[in-house]
1. Would you point out which residue out of I262, I274, I293, I247 is out of contact with any strand residue (DSSP E or B) (no Cβ under 6 Å at 6 or more places or on another chain), surrounded by fewer than 19 Cβ atoms within 10 Å (Cβ to Cβ), in contact (Cβ under 8 Å) with a residue 12 or more places away in the chain and within 15 Å of P157 (Cα to Cα)?
2. Find all pairs meeting these conditions: Cβ atoms under 8 angstrom apart; at least six residues apart or on different chains; first residue within the range 357-376 and more than 14 Å from N63 (Cα to Cα); second residue surrounded by 15 or more Cβ atoms within 10 Å (Cβ to Cβ) and of a type in the set (D, E, K, R).
3. Restricting to the range 219-244, and then to whatever is closer than 30 Å to T138 by Cα and touching a residue at least 40 places away in the same chain (Cβ under 8 Å), can you tell me which residue is surrounded by the most Cβ atoms within 10 Å (Cβ to Cβ)?
4. Quick one: which residue in I205, I181 is more than 16 Å from the chain's Cα centre (by Cα), closer than 18 Å to L228 by Cβ, in contact (Cβ under 8 Å) with a residue 40 or more places away in the chain and crowded, with 20+ Cβ neighbours inside 10 Å?
5. Restricting to the range 112-154, name every residue that is polar (S, T, N, Q) and either part of a helix (DSSP H, G or I) or touching a residue at least 24 places away in the same chain (Cβ under 8 Å) (or both).
6. At pLDDT 90 or above and not charged (D, E, K, R): does that describe I368?
7. crowded, with 22+ Cβ neighbours inside 10 Å and in contact with a His (Cβ under 9 Å, 6 or more places away or on another chain): which single residue out of F94, F122, F80 fits that description?
Amino acid sequence: MEIIKLTNKNLLLFLLILSIPFQFKITELNHFQNIYLTEFLFVLIVLITFNINFFKNIKDEFNYIDLCVIYYLISCIISFLLGSKYFISYEDIFGYFYLTFLYFYIKFLLNKKFTNLIITFFVISALVCSIIGLIGFTNSLFVNKSNFLLHFENNYPYFGEVNRIQSIMRSPSMMCNFLIIGVCASFIKLLKNKSYINFLIFIIIISCFTLSLTKSLICLILSLYIILISYSNFKRNLKITFSTFAIILVILIYFTISHFLISFEPIKNYNDNIFILVDKYYKYTFFKHEIFIYPTSYYYNKIASMLAFSNNPLFGVGIGNYNLFIDELKTFNNFPLNFPNWDPHSTYFGELAEKGILGIISLFLFFIFIFYLLAKNINYFGNDLLILTIAVLIFVLIDAISLDVTKFKHLWIYLAIISINLKKNFN
């Protein structure tokens, strides 16, 4: 068995990845409220490990994913300078500079031969996050009905009054997006080595994921299905066919359940809330049965995002300006007043709204080049890493329909893992 030495750099990376779920603010100062433990540790890591070879490494290892990262940052800068309709959000532009630097510096610290170890760090971090979340859920059953590890919903669609696990993260959806790397990696480990410990790790993480009651569950099922298909004995053409059919089906289901609440009778048991308007619905008759379809806040946010895009198609309304655009719509009663001023809650429509055409192009370049380079470098990836990456990417692509994933630190770190495992392909 190969013994991997835990170097100082690896230990620092482990602490950084372990800190990602701990999303407690360490300051209440204006413009610094989004600084968490991860940011604090990252600054310490840079101070400890920085040397001039960082710049040489960027130049020597530069590839198309790096180019996409740079272009994405440029689109943010252009939107910041030319698109900001209501105010200039220094906090948002600083955040994008930080994520770009995080990506390149993690790539600088990473060593290709330690990839499996870094993935294991993600599994451990997901396990810790899940155990803490399950402790909070158990506590709600036997001690206190609610606690800070749970997200309480008074009128959650289909469930009513319910506690959803968010663990030590800011929301259940954010937690699930973080757990996806750990749950898929632990599932692959279980398939490769059917031990009790691997089974227990997988069950703990997937249980926490399930008890979040998020729409992301349908994406998780798809990712696990793709992993199973990938390790099956089916021919390659059948694997692609089955996977493609499943992806299309899940996209349709995901879009439907997130944008519409379907009921067989009028909803009268609760008033307007953050999810629906009780007096706004479509009514259909199917074999003498009435079906009521209520558009959700995700539906209205998509419409608002397109209005923002039409306001300035080239540069958008500016990064960090979407909520102020919603305020303006509410002033003229063009947006439901009971819906909170959330962010666009969609990566794709959020790019259109805040960054315009340049933003959406930069986003699609990411996806196009990642899949292109995965296909081109398939022989340079370990089989397990390739399957894990495809499962995670498909999850993120679909979940991004109703969730803004561009600021999730764990995805930028995982992007660095993908990049470092690619053969040099850009000069």
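1. Values: I262 fails: out of contact with any strand residue (DSSP E or B) (no Cβ under 6 Å at 6 or more places or on another chain); I293 fails: out of contact with any strand residue (DSSP E or B) (no Cβ under 6 Å at 6 or more places or on another chain); I247 fails: within 15 Å of P157 (Cα to Cα).
Testing whether each residue is out of contact with any strand residue (DSSP E or B) (no Cβ under 6 Å at 6 or more places or on another chain), surrounded by fewer than 19 Cβ atoms within 10 Å (Cβ to Cβ), in contact (Cβ under 8 Å) with a residue 12 or more places away in the chain and within 15 Å of P157 (Cα to Cα) leaves just I274.
2. Sorted first by the residue in the range 357-376, then by its partner, the pairs are G359/E351; I360/E351; S362/E351; S362/K355; L363/E351.
3. Result: C219.
4. On inspection, the qualifying residue turns out to be I205.
5. Within the range 112-154, the subset polar (S, T, N, Q) is 115-116, 120, 125, 130, 138-140, 144, 146-147, 154.
Listed by number, the residues that qualify are T115, N116, T120, S125, S130, T138, N139, S140, N154.
6. no
7. Answer to the check: F122.
Conditions (1) assigned to a loop (DSSP other than H, G, I, E, B); (2) within 21 Å of S173 (Cβ to Cβ); (3) among the polar types (S, T, N, Q); (4) in contact with a Leu (Cβ under 6 Å, 6 or more places away or on another chain), marked per residue:
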site: I257; (1), (2), (3), (4): no, yes, no, no
site: N273; (1), (2), (3), (4): yes, yes, yes, no
site: Y294; (1), (2), (3), (4): no, yes, no, yes
site: G316; (1), (2), (3), (4): yes, no, no, no
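The values are calculated or read from the model by the stated rules, or taken from the named source; none is laboratory data. All of these numbers come straight from a predicted model, not from anything done at the bench. Cβ atoms come from the backbone with ideal geometry, glycine included; neighbour counts cover every protein chain shown.
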